[in-house]
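Here is the structure we will look at, set down as structure tokens.
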Amino acid sequence: MSSPPAAWLLLILSLPTQGATARMRIWRSLKAQGCAALRDGAYLLPASAEHQSALRDLADECLREGGSAWVMAAAPTTSADAEAYPVLFDRSEDYAGLVTAWKQAGKTLASLGVAELARLQKRLHREYEALRAIDFFPNEASVEAEAAWSDFNQRLARFLSPDEPQNTDGEVPRLDVGDYQGRLWATRRRLWVDRVASAWLIRRFIDRDARFMWLAKPSDCPRKALGFDFDGAHFTHVGDRVSFEVLMASFGLEDDVALVRLGAMVRVLDVGGEAVPEASGFEAVLAGARERVADDDALLAEMSAVLDSLYVHFQREGQRTKLKGAPK
């Protein structure tokens, strides 16, 4: 557990007895902020500017509802109190509840469609992040939950995208795009994030006359075809790069800021990482399209329009960033 802080914030509040709706709303807000209840009407948080602002907002809401509220600084007066306060924020039981929910959800994965799987993943991830945000003193329970979440996500990914490639080591060689024109390209059928984005990248920036073959299993790939995004393919995960980024590096496209932004979005959806604002929207559109469109050629055509739009969006953002940073 982290070292206890030297200073704390205390919210003392009282609401009129008839304000049941306001009382429930404020209680939910206290819970969402991760407050520890010392007793009814007395709530504790580690001192920080963010926590002080949140408690001040709650105090103001109490006053608007006709109650009373005070936000004050607090400090333990004994070493026993200093050790006891952080224990009030132990999230072990909460993490155990999430891990149990993940185990139960894992039993249903095989029966869910892609859109349902994506919604389930998003909901459970939101719940997990909300708990992590109020875990002010992480302990062994948080480490175990992180491992359990990683395991659950890997299982879910296998249902969302069977035969997902494993990372390989090595350098990404630079290739001459002129040698890759009018070729047959192949990947696993029922396109998901990395595959649909890679196919778009190939046709848009590498081989405009590309023909695609959608494989029931990677072993069906003909020798004449250029495979991508499966184990043993010409273009697959290398190091921390997903197939989309490997294709970019292979054909010298890494100077395109908009493609780099797209690559970051594909990577976070495919293998995780730092959040990208546009990622959840793209994932939702793709999941819905997969439910409606059974043919992968039609799916690629539909999602290509989405990727074209995102590419322009990232281009414009890059241009605005350059203008802001330019000397006046």
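The values are calculated or read from the model by the stated rules, or taken from the named source; none is laboratory data. All values reported here derive from a predicted model rather than from experimental measurement. Positions of Cβ are generated from backbone atoms using ideal geometry, with glycine treated the same way; all protein chains shown enter the neighbour counts. Heads up: the accessible areas ignore ligands, DNA and RNA and are worked out on the full protein's heavy atoms, side chains in. Shrake-Rupley method; radii C 1.70, N 1.55, O 1.52, S 1.80 Å.
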What is the percent of Cα-Cα separations in the range 108-147 that go past 13 Å? 61 percent
Of every hundred units of 1.4 Å-probe accessible area on the chain, the number belonging to carbon and sulfur atoms, as a percent, is 51 percent
Kindly provide log₁₀ I(q)/I(0) values, in the same order as q = 0.07, 0.14, 0.15 Å⁻¹, from the Debye equation applied to equal alpha-carbon scatterers of the chain. -0.43, -1.08, -1.16
Whether the range 60-100 is rounded, prolate or oblate, judged on the alpha carbon gyration tensor where a/c under 1.5 counts as rounded: oblate
Among rounded, prolate and oblate, which fits the range 117-247 when a ≥ b ≥ c are the square roots of the eigenvalues of its C-alpha gyration tensor, a/c under 1.5 means rounded, and a/b larger than b/c means prolate? prolate
When a/c reaches 1.5 or more, the comparison of a/b and b/c decides; with that in mind, is the range 42-123 rounded, prolate or oblate per its Cα gyration tensor? oblate
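Accessible area per residue of the chain at 1.4 Å probe, in Å²?
Numbers: 17780 Å² over 328 residues.
I get 54 Å² per residue for this part.
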Candidate span helices, the chain: DSSP H, at least 27 Å along axis from Cα coords, Kyte-Doolittle average at least -0.5, result 140-160, 296-325
Ranking request for peptides 120-130, 170-180, 258-268: highest mean number of other beta-carbon atoms within 10 Å first, then the rest in descending order. 258-268, 120-130, 170-180
Calculated FRET value between Lys122 and Arg292, using beta carbons and R₀ = 22 Å, to 0.05: 0.70
Using Cα positions and a limit of under 13 Å, work out the aspartates and glutamates in reach of Lys122, with same-chain residues fewer than 8 apart set aside. Glu283
Just to compare against my own numbers: the Cα pair-distance distribution for the range 60-197, 10 Å bins, whole % per bin, please. 9, 23, 22, 19, 14, 8, 4, 1
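Report, in deg cm²/dmol and to the nearest 500, the calculated mean residue ellipticity at 222 nm for the chain, where each DSSP H run with n ≥ 4 adds -39500 (n - 2.57) and the sum is divided by the residue count.
-17000 deg cm²/dmol
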